[in-house]
Amino acid sequence: MIRPSGLQYLWSGTLAVAVHLLFALGLVVGLSWRSPPHLPVVAELWSELPPPAGAVPKPAAQPEPPPPAQAKDEPDIDLAAREEQKRQQAERREQERRWIEVQEAERRQREAEQRRLEEKRREERRREDERRQQELARQQEEQRRQEEAQRRAREAARRELEAELARQLEDDLMREARQLQRSMTADALARQRVIEDYQARIRSKIQGYLRLPPNLTGNPEVVYQVRLLPDGEVLKLTLLKSSGQPAYDKQVELAILRASPLPLPPQQELAAVFREELILKFRPHEADGV
């Protein structure tokens with residue numbers, strides 16, 4: 001079975017409408033052809049319709065009675081009503097005023113409560129800020145104390161280290177000093193032995209050239225300072241102390257000059273001691289004299 005499409009329905013509806021329009025147009029045209037010719041119209045005017053035949057006539061309408069006169073206390077009733085109305089209006093205004101006052105009081109109470117809450121929040125924030133500041137100050141103070149303690153610990157450790165280093169240095173210095181002293185003592189002993197040995201050689205050589213004068217009395221002491229050249233030759237001879245007997249002093253001087261050059265140690269520093277500060281002491285009857 002083939003179903004009609006929408007376009008087919010549209011054409012069918014349009015065709016049906018067109019047929020009905022043509023039918024209505026034909027009726028109108030037909031009636032206009034059959035209408036009678038125009039004749040004059042005559043009309044009669046009646047004040048009221050005549051009664052139909054056999055009808056019973058209505059009685060004449062009676063005039064309405066005038067409204068009863070108002071009572072004498074009607075003005076009082078209106079005044080009381082107006083007074084009541086005024087009283088009611090006043091009550092309504094009073095109620096409205098009271099309602100407004102209540103609303104205003106509630107508004108003020110809400111504002112006061114809001115201000116109290118704001119003040120409470122501000123106070124809490126202020127206390128929180130103070131607490132944070134105090135906590136920060138406490139932490140800073142704690143950090144400062146820790147840093148101070150660390151600084152003191154480092155200072156104590158540094159002082160202890162310095163003291164330990166000083167003790168070690170002192171021990172090293174003392175050990176070196178003892179070693180040096182032992183070395184110097186050994187050197188000094190060796191030097192002293194060399195000096196004593198060459199003093200004995202110098203005295204022995206001078207004694208070999210000494211001639212005592214015949215008129216010598218007692219055991220006087222004579223002291224000479226001798227300066228020598230590097231080869232031991234006598235450069236200068238100075239009398240530091242006389243024996244009181246010029247003949248004896250002269251014999252000692254001649255013996256020193258005859259013994260020149262005097263024997264000197266091979267070490268230059270020791271030979272220098274002999275050359276610059278050689279002090280000779282002589283007594284006629286004693287062997288020591290240097």
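The values are calculated or read from the model by the stated rules, or taken from the named source; none is laboratory data. Note that the coordinates shown come from a computational prediction; the quantities given were computed from them, not determined experimentally. Counting neighbours? That spans all protein chains shown, and the Cβs are built from the backbone with ideal geometry, glycine included.
A quick yes/no check of all residues on (1) closer than 14 Å to L280 by Cα; (2) in contact with a helix residue (DSSP H, G or I) (Cβ under 7 Å, 6 or more places away or on another chain); (3) in a helix (DSSP H, G or I):
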{"residue": "R167", "(1), (2), (3)": "no, no, yes"}
{"residue": "R178", "(1), (2), (3)": "no, no, yes"}
{"residue": "V194", "(1), (2), (3)": "no, yes, yes"}
{"residue": "I202", "(1), (2), (3)": "yes, no, yes"}
{"residue": "G218", "(1), (2), (3)": "no, no, no"}
{"residue": "Y224", "(1), (2), (3)": "yes, yes, no"}
{"residue": "T238", "(1), (2), (3)": "yes, no, no"}
{"residue": "V252", "(1), (2), (3)": "yes, no, yes"}
{"residue": "L257", "(1), (2), (3)": "yes, no, yes"}
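Residues checked against (1) surrounded by 11 or more Cβ atoms within 10 Å (Cβ to Cβ); (2) at pLDDT 90 or above; (3) touching a Phe, Trp or Tyr at 6+ places or on another chain (Cβ under 7 Å); (4) over 14 Å from F274 (Cα atoms):
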site	(1), (2), (3), (4)
A177	yes, no, no, yes
Q181	yes, no, no, yes
R191	yes, no, no, no
I195	yes, no, no, no
Y198	yes, no, yes, no
S204	yes, no, no, yes
P214	no, no, no, yes
N219	no, no, no, yes
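Report whether or not Q95 is under 60 Å from the mean Cα position of the chain (by Cα), modelled with pLDDT of 90 or more and surrounded by 10 or more Cβ atoms within 10 Å (Cβ to Cβ).
no
Within region 185-194, is even one residue in contact (Cβ under 8 Å) with a residue 40 or more places away in the chain and of a type in the set (D, E)?
For region 185-194, residues in contact (Cβ under 8 Å) with a residue 40 or more places away in the chain and of a type in the set (D, E): absent.
Return the residues of region 235-274 that are at pLDDT 85 or above, among the aliphatic types (A, V, I, L, M) and either more than 15 Å from R203 (Cα to Cα) or surrounded by fewer than 18 Cβ atoms within 10 Å (Cβ to Cβ) (or both); say none if nothing qualifies.
L235, L237, L239, L240, A247, L254, L257
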